[in-house]
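Everything below concerns the one structure shown next.
The values are calculated or read from the model by the stated rules, or taken from the named source; none is laboratory data. The structure displayed is predicted, hence computed values, not measured ones. When we count neighbours, we look across all protein chains shown, and the Cβ atoms used for this are built from the backbone with ideal geometry, even at glycine. Just the protein is used for accessible areas: all its heavy atoms, side chains included, with ligands, DNA and RNA removed. Shrake-Rupley method; radii C 1.70, N 1.55, O 1.52, S 1.80 Å.
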Amino acid sequence: MAGRNESNRSITNVAALANVSIATVSRVLSGKRTKDDDIARRVRAAAEQLDYSVNYAASALRSTITNTIGLIIPSATETFSAQLLDEIEPTIDVDSQQLLLGIGADQEAQGERMASLVARHVDGLIVVPAAGADLTEVLERYAGTLPIVQVGGRQRSFHTSMVGLDENAAMEMVIGHLADQGIESVAYMAGKEISFESAELFAMFHTQVRAHHLRTQPDWNRFGERSVQRGFDCAMRLFSEPLVQPEAVVCADDTIAFGMMVALHALGLRVPQDVLIVGYNDSPIASTTMPTLTSVRPPFQQIVSEALRLIALGPERPAHISLPPRLIIRDSTVVPNGSR
């Protein structure tokens, strides 16, 4: 038994040094992965440096590795989760791993999905918390069993890893860009009020508005669903009757922004000449709207890469990483000279 524990610790060290998953180390050193590429060379070099035995790798593969990664998301259609899923599937497929997906729209459902995936002996878990879900208890329960990486939201356990986004930097980029366009007032269509992320972004919005000496009004800024219908309804409320209207609107999701653009067109208002619109998550819709939509792009490739790296480190070395997003500037916020 002592030999098995030693091999498990060693294979984790080799995976960390080579910056690959434990399963990849096992397949390379046991001969199950025949491709001779940079990954294989890194694994062999790390194994030689750590004096790691090929026989240990084969034993670890038989005893502990399932070549599966569990992913728990609130929805397969919600923009962030969908794009994360699109990025992670081909990434782990390169290592001949399989992705086991659990979808849970609330705290209870996500807890059940987590228990199910742990029972299937996945090599690691990546969890995107549902809005308002407090997964502290269930994360703590499994933290010592397998590596778990939470993506986004409020960190619920210091015994699991976390890959988050620098939301303050995102909002600073958005409001700074709008201020550079010469606007004086801005509204914010936030996500669900029960979500920690939505509340945090809402506070950051007001901080940046004050920092850039812009105006906003309480009745302009609302929490709500991330949907096209919500964006359409909010635009109708904001722009069909009130005498004082915002010159720009920041939306918590591209779907909200698209709904607003449809409503503004119906009202005879032009984007960006009359109203500037910014979305979030840089979904495929952002590059296909007319005009194209300025949007905040989370670094999905980095998120996946860091999550898999942290899983490879094992459950004993949790870490918290914050990644900066990018503002992708398109036509919806670029005002032609003299058109405002």
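Quick notes
- Hey, Ala286 in the same structural domain as Arg154 (by the TED database), open to solvent by less than 30 Å² (accessible area, probe 1.4 Å), of a type outside the set (Val, Ile, Thr) and within 21 Å of the chain's Cα centre (by Cα) or not: no
Yes/no per residue for (1) of a type outside the set (Lys, Arg); (2) more than 23 Å from Val25 (Cα to Cα); (3) touching a residue at least 12 places away in the same chain (Cβ under 8 Å):
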position: Leu99; (1), (2), (3): yes, no, yes
position: Ala105; (1), (2), (3): yes, yes, yes
position: Ala109; (1), (2), (3): yes, yes, yes
position: Glu112; (1), (2), (3): yes, yes, no
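- Given (1) assigned to a helix (DSSP H, G or I); (2) aliphatic (A, V, I, L, M); (3) in contact (Cβ under 8 Å) with a residue 60 or more places away in the chain; (4) open to solvent by 10 Å² or more (accessible area, probe 1.4 Å), number of the condition Val304 does not satisfy: (4)
- Extreme residue, modelled with the highest pLDDT, among residues of region 132-158 that are within 18 Å of the chain's Cα centre (by Cα) and surrounded by fewer than 19 Cβ atoms within 10 Å (Cβ to Cβ): Asp134
- Per this entry, Arg41 is not counted among residues that are at pLDDT below 90, in a loop (DSSP other than H, G, I, E, B) and of a type in the set (Lys, Arg).
- Restricted to region 111-131, and to residues there that are over 17 Å from Ala312 (Cα atoms) and within 17 Å of the chain's Cα centre (by Cα), the residue that is surrounded by the fewest Cβ atoms within 10 Å (Cβ to Cβ) is Ala131.
To keep it simple, each residue is scored yes or no on (1) free of Cβ contacts under 8 Å to residues at least 24 places away in the same chain; (2) among the basic types (Lys, Arg).
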{"residue": "Val127", "(1), (2)": "no, no"}
{"residue": "Arg141", "(1), (2)": "yes, yes"}
{"residue": "Gln155", "(1), (2)": "no, no"}
{"residue": "Val163", "(1), (2)": "no, no"}
{"residue": "Glu167", "(1), (2)": "no, no"}
{"residue": "Ala170", "(1), (2)": "no, no"}
{"residue": "Asp180", "(1), (2)": "yes, no"}
{"residue": "Lys192", "(1), (2)": "no, yes"}
{"residue": "Phe202", "(1), (2)": "yes, no"}
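- Count of region 255-275 residues which are part of a loop (DSSP other than H, G, I, E, B), buried (at least 16 other Cβ atoms within 10 Å of the Cβ) and among the aliphatic types (A, V, I, L, M): 3
- Residues that are crowded, with 17+ Cβ neighbours inside 10 Å and either closer than 23 Å to Phe80 by Cβ or in contact with a Cys (Cβ under 7 Å, 6 or more places away or on another chain) (or both), drawn from region 307-322: Ala307, Leu308, Arg309, Leu310, Ile311, Pro318
- Qualifying residue in region 323-337 (condition: among the polar types (S, T, N, Q), under 20 Å from Glu247 (Cα atoms) and open to solvent by 20 Å² or more (accessible area, probe 1.4 Å)): yes
- Index of the failed condition, Arg141 passing every other in (1) under 28 Å from Arg330 (Cβ atoms); (2) outside any strand (DSSP E or B): (1)
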